[in-house]
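Step one of this worksheet: look at the structure below.
Just so it is clear, none of the values below were taken in a lab; they were calculated from the coordinates. What you are looking at is a predicted structure, and each value in this text was computed from that prediction instead of being measured. Neighbour counts run over all protein chains shown; Cβ positions are idealised from the backbone, glycine included.
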């Protein structure tokens, strides 16, 4: 598990920015920030904008399943907000 200090789920970031989470996920996939599984490309992790929370859960029939969840850092929130606002102005 990742340290959740100063990070929050992308859904919460979407709410704070004022955009629906589905729209934000689609926008970030279009911008090549997230892959088709909604996980960030490595360069955005390296830049300190996003993190991945990794863990596992027990599926009743399949057994242990792994998951990854995209988290936004405090630094990344400012960047993300600017990215969305820039698109709103040009879109």
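Listing for the model above:
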{"item": "Residue 67-residue 46 pseudo-label distance in nm [points 7 Å out on the Cα-to-Cβ vector]", "result": "2.9 nm"}
{"item": "Option label - Cα Rg over 2.2 N^0.38 Å computed here, alternatives (1) 1.74; (2) 1.06; (3) 1.14", "result": "(3)"}
{"item": "The range 7-86, relative contact order [Cα under 8 Å, separation at least 6], %", "result": "30 percent"}
{"item": "Helix 21-30 vs. the chain, principal-axis angle (Cα, 0 to 90°, nearest 10)", "result": "80 degrees"}
{"item": "Degrees separating the helix 74-90 axis from the principal Cα axis of the chain, which is the longest one", "result": "50 degrees"}
{"item": "Residue 90-residue 8 FRET efficiency (beta carbon distance; Förster radius 41 Å; 0.05 resolution)", "result": "0.95"}
